[in-house]
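Here the structure is laid out as structure tokens; the discussion comes afterwards.
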Amino acid sequence: MFVRRGDLAPGRDRSSRFLPWIIALMVYLAGLALSATMALEQVIDRWSAGLKGSITIVVDPSVNGGEAETDARVEAALSVILTTQSVLSATPLAKIDVAGLVEPWLGKDVLSLDLPIPRLIDVTLVPDSGFDLAGLTRRLDSAVPGTQIDDHKVWLQKILRLARTSELIAILIVVLIALAAGATVMFATRTGLAVQRDVIEVLHLIGARDTYIARQFQGNAVSLALWGGLLGLLFTGVTVLALWLLARDLGSSLLPAVRLSLPFLGALAMLPLVGAIIASVTARFTVMRFLARML
Amino acid sequence: MVRFENVGMRYGDEADVLRDITFHLEPGSYHFLTGPSGAGKTSLLRLMYLAHRPSHGSVSIFNHDVTTTPREELPSLRRRIGVVFQNFQLLDHLSTLDNVALPLRIAGARRETIQEHVAELLTWVGLGEHLDARPRTLSDGEKQRVAIARAVINRPSLLLADEPTGSVDQEQGSRILRLFEELNKIGTTVVLATHDRTIIERYQHPVLRIEQGTLSVRWDITKGKK
């Protein structure tokens with residue numbers, strides 16, 4: 001002997017059986033969108049952090065003077081750079097490293113071709129020290145004509161634009177998924193209302209308020225959405241873990257390792273809850289609108 | 001308690017099923033509602049249990065003009081009305097106990113109170129052994145008793161019963177009618193729709209007779225025709 005909490009007929013409308021699976025799929029897609037954004041953000045953050053505190057000096061090779069002349073130009077540039085305020089260190093890249101950078105375009109034997117390859121000096125700056133880029137440019141121009149300074153501004157701006165665009169796209173995807181989830185819950189609730197109309201009428205005639213009936217539909221929708229959300233979260237977790245392991249094994253310097261940070265895991269864990277809230281609000285709204293048309 | 005003034009009612013765009021109905025029920029009164037099938041007894045009851053608003057005229061229940069009462073206020077009026085529906089209107093997925101418990105649960109009664117009162121009432125109507133039974137496993141007579149128990153569980157001020165003894169044997173019928181009499185004695189206003197003249201004659205309550213949608217005869221059996 002027991003007294004039930006809910007008065008609706010469970011399992012009467014078959015559409016509600018699919019609701020957890022649809023919510024699971026949506027939470028899965030939202031989880032992937034969220035994971036992709038966070039991974040991209042982390043990669044971009046590391047790239048930009050690495051570039052922000054550094055500049056690259058390009059020393060043109062001496063065409064007539066040969067390697068010795070080019071080495072002398074690099075030394076002259078180094079002495080100017082190292083006497084500049086806010087410079088922490090300056091390291092000329094070895095010829096073989098520079099050759100490695102142009103290898104994708106010129107091939108492996110670039111050194112044996114005796115091509116005039118520019119030299120690069122990697123300069124690390126003291127963080128937030130108000131480095132005078134224009135001053136260094138003037139001094140280098142007078143000491144070693146033909147040097148160029150790359151402060152990565154163009155690259156950084158492109159990276160930031162990419163980051164913002166990808167964030168917006170991910171937010172748009174998540175919003176679309178939320179709207180689709182809401183529409184699905186609305187459809188399922190409407191079907192439930194139609195199927196359970198006779199039960200609703202009896203409840204009304206016995207004195208049930210709209211909020212009492214809405215609460216029952218809300219409870220049902222929240223329970224189904226939570227099940228679906230947890231299932232979707234499980235799928236997301238498995239996928240993210242698999243991708244994370246793959247990326248870690250790759251060990252590429254181009255693709256920095258992505259950390260599974262606490263805020264990221266927290267955001268993922270919130271997805272089923274967000275799904276349940278959407279289901280609850282949508283179910284209530286749908287039921288209240290439906291009941292308002294009844295006496 | 002209940003006041004109808006020139007009330008008409010129709011379903012959708014169809015012709016009026018009730019026309020120019022006027023009557024007044026005093027608090028604590030007991031009336032039989034009779035008339036041939038299709039005369040409009042159920043429609044009249046539907047107006048009284050607030051399932052429908054009149055097409056014209058005015059209906060007042062508990063001194064509320066339900067023609068104009070906002071729908072948000074109707075639930076609190078409905079909670080004071082117990083209804084025994086002709087087709088029982090039990091919820092098939094709920095147990096006997098849960099069906100009877102509905103009005104109390106909707107009114108926000110405590111779980112323990114519900115258990116105690118419902119079990120006691122169901123035992124009284126002879127269904128103490130069927131607390132967990134689903135309506136589809138019960139006979140029509142048993143369903144009828146469940147429906148009656150649900151209608152009276154929260155001691156309504158107005159009890160409306162549509163053929164409440166139609167599906168039960170004579171002994172059960174007598175028990176049900178005695179229950180209605182007891183409720184009436186403690187102040188419940190009762191309107192009982194029935195075809196059964198023997199009941200009308202045995203209990204000697206005033207009769208509302210409806211024919212072709214019109215309250216054609218208002219007859220007090222003890223005082224003759226009015």
| note | Of those in segment B:38-59 that are within 9 Å of chain A (Cβ to nearest Cβ) and either among the β-branched types (V, I, T) or in contact (Cβ under 8 Å) with a residue 40 or more places away in the chain (or both), the residue farthest from B:L77 (Cα to Cα) is B:H52
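In segment B:10-17, is there at least one residue being in contact with a Leu (Cβ under 7 Å, 6 or more places away or on another chain) and not small (G, A, S)? Give the derivation first.
We begin by selecting, within segment B:10-17, every residue in contact with a Leu (Cβ under 7 Å, 6 or more places away or on another chain); these are none.
For segment B:10-17, residues in contact with a Leu (Cβ under 7 Å, 6 or more places away or on another chain) and not small (G, A, S): absent.
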| For segment B:79-123, which residues satisfy the criterion of being part of a helix (DSSP H, G or I), more than 7 Å from chain A (Cβ to nearest Cβ) and among the hydrophobic types (A, V, I, L, M, F, W, C)? | B:V100, B:L104, B:V118, B:A119, B:L121, B:L122
| request: Return yes when A:L19 is of a type in the set (A, V, I, L, M), at pLDDT 75 or above and within 30 Å of A:A208 (Cα to Cα) and no when it is not. | output: yes
| query | Of the residues A:S86, A:S62, which single one is modelled with pLDDT of 85 or more and over 15 Å from the mean Cα position of the chain (by Cα)? | reply | A:S86
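Among the residues of segment B:182-199, which ones are open to solvent by 30 Å² or more (accessible area, probe 1.4 Å) and of a type outside the set (K, R)? I'd like the intermediate steps shown before the answer.
Here is the first cut: in segment B:182-199, the ones open to solvent by 30 Å² or more (accessible area, probe 1.4 Å) are B:182, B:185-187, B:195-198.
Those that are open to solvent by 30 Å² or more (accessible area, probe 1.4 Å) and of a type outside the set (K, R): B:E182, B:I186, B:G187, B:H195, B:D196, B:T198.
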| query | Within segment A:131-146, can one find any residue that is open to solvent by 20 Å² or more (accessible area, probe 1.4 Å) and at positive phi? | reply | yes
| request: Taking the residues in segment B:181-226 that are under 30 Å from B:A15 (Cβ atoms) and in a loop (DSSP other than H, G, I, E, B) as candidates, determine which candidate is modelled with the lowest pLDDT. | output: B:K226
| task | May I ask you to list the residues in segment A:104-130 that are outside any loop (DSSP other than H, G, I, E, B), of a type in the set (A, V, I, L, M, F, W, C) and open to solvent by less than 80 Å² (accessible area, probe 1.4 Å)? | result | A:L120, A:I121, A:V123, A:L125
| Can you pull out the residues in segment B:114-152 that are over 20 Å from B:L183 (Cα atoms) and among the hydroxyl-bearing types (S, T, Y)? | B:T137, B:S139
| Mind checking which pairs have a first residue in segment B:163-191 that is under 17 Å from B:P206 (Cα atoms) and a second that is among the hydrophobic types (A, V, I, L, M, F, W, C) and part of a loop (DSSP other than H, G, I, E, B), Cβ under 9 Å, 6 or more apart or different chains? | B:T189/B:M1
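Scan segment A:212-238 for residues that are closer than 24 Å to B:N154 by Cα and either in contact (Cβ under 8 Å) with a residue 60 or more places away in the chain or within 38 Å of the chain's Cα centre (by Cα) (or both) and jot them down. Working first, answer last.
Narrowing segment A:212-238 to residues closer than 24 Å to B:N154 by Cα: A:212-216.
Passing the criteria: A:I213, A:A214, A:R215, A:Q216.
Quick check: is even one residue across segment A:195-213 away from every other protein chain (no Cβ under 14 Å) and either in a helix (DSSP H, G or I) or open to solvent by 40 Å² or more (accessible area, probe 1.4 Å) (or both)? Full working, then the answer.
Of the residues in segment A:195-213, the ones away from every other protein chain (no Cβ under 14 Å) are none.
Taking every residue of segment A:195-213 in turn, none turns out to be away from every other protein chain (no Cβ under 14 Å) and either in a helix (DSSP H, G or I) or open to solvent by 40 Å² or more (accessible area, probe 1.4 Å) (or both).
I need the full set of residues from segment B:55-78 which are hydroxyl-bearing (S, T, Y) and assigned to a helix (DSSP H, G or I), in order please. Before you say what the answer is, go through the steps one by one.
We begin by selecting, within segment B:55-78, every residue hydroxyl-bearing (S, T, Y); these are B:55, B:58, B:60, B:67-69, B:76.
Once the filter is applied, which keeps residues that are hydroxyl-bearing (S, T, Y) and assigned to a helix (DSSP H, G or I), segment B:55-78 yields only B:S76.
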| query | Of all the residues that make up segment A:268-295, how many are open to solvent by less than 30 Å² (accessible area, probe 1.4 Å) and either at pLDDT 90 or above or in a helix (DSSP H, G or I) (or both)? | reply | 12
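Rundown of residues vs (1) open to solvent by 40 Å² or more (accessible area, probe 1.4 Å); (2) closer than 22 Å to A:T184 by Cβ; (3) outside any loop (DSSP other than H, G, I, E, B); (4) modelled with pLDDT of 75 or more, yes/no style:
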{"site": "A:L226", "(1), (2), (3), (4)": "yes, yes, yes, yes"}
{"site": "A:G232", "(1), (2), (3), (4)": "no, yes, yes, yes"}
{"site": "A:V238", "(1), (2), (3), (4)": "yes, no, yes, yes"}
{"site": "A:S253", "(1), (2), (3), (4)": "yes, no, no, no"}
| field | Number of positions in segment A:214-224 that are in contact with a Ser or Thr (Cβ under 8 Å, 6 or more places away or on another chain) and away from chain B (no Cβ under 14 Å) | value | 5
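For (1) surrounded by fewer than 21 Cβ atoms within 10 Å (Cβ to Cβ); (2) within 21 Å of B:Y11 (Cβ to Cβ); (3) aliphatic (A, V, I, L, M), each residue gets a yes or a no:
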| position | (1), (2), (3) |
| --- | --- |
| B:P75 | no, no, no |
| B:R78 | no, yes, no |
| B:F85 | no, yes, no |
| B:D92 | yes, no, no |
| B:L102 | no, no, yes |
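Test B:S76 against the criterion of being more than 30 Å from B:R105 (Cβ to Cβ) and within 14 Å of chain A (Cβ to nearest Cβ), and give yes or no. It would help to see each step written out before you state the result.
Values: more than 30 Å from B:R105 (Cβ to Cβ): no; within 14 Å of chain A (Cβ to nearest Cβ): yes.
The answer is no for B:S76.
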| task | Please indicate, with yes or no, whether at least one residue in segment B:144-151 is part of a loop (DSSP other than H, G, I, E, B) and open to solvent by less than 10 Å² (accessible area, probe 1.4 Å). | result | no
| request: Have a look at A:G31, A:G6, A:G50 and point out the one that is more than 14 Å from chain B (Cβ to nearest Cβ), modelled with pLDDT under 75 and either open to solvent by 10 Å² or more (accessible area, probe 1.4 Å) or out of contact with any Gly (no Cβ under 6 Å at 6 or more places or on another chain) (or both). | output: A:G50
| Residues that are surrounded by 12 or more Cβ atoms within 10 Å (Cβ to Cβ), over 30 Å from B:I186 (Cα atoms) and in contact with a His (Cβ under 9 Å, 6 or more places away or on another chain), drawn from segment B:21-47 | B:P36
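Taking segment A:120-132 on its own, how many of its residues are touching a strand residue (DSSP E or B) at 6+ places or on another chain (Cβ under 8 Å) and over 23 Å from A:L101 (Cβ atoms)? First the steps, then the outcome.
Of segment A:120-132, the ones touching a strand residue (DSSP E or B) at 6+ places or on another chain (Cβ under 8 Å) are A:120-126, A:131.
Then drop every residue that is not over 23 Å from A:L101 (Cβ atoms), which leaves A:126, A:131.
Adding up the residues that qualify gives 2.
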| Out of (1) open to solvent by 10 Å² or more (accessible area, probe 1.4 Å); (2) under 30 Å from B:V7 (Cα atoms); (3) facing chain A (nearest Cβ under 10 Å); (4) not aliphatic (A, V, I, L, M), what's the single condition that is false for B:T68? | (3)
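The values are calculated or read from the model by the stated rules, or taken from the named source; none is laboratory data. Since the model is a prediction, treat every value here as computed from it, not as a measurement. Note that we place each Cβ from the backbone using ideal geometry, even for glycine, and neighbour counts take in every protein chain shown. Protein only, heavy atoms only, side chains kept; ligands, DNA and RNA dropped before computing areas. Shrake-Rupley method; radii C 1.70, N 1.55, O 1.52, S 1.80 Å.
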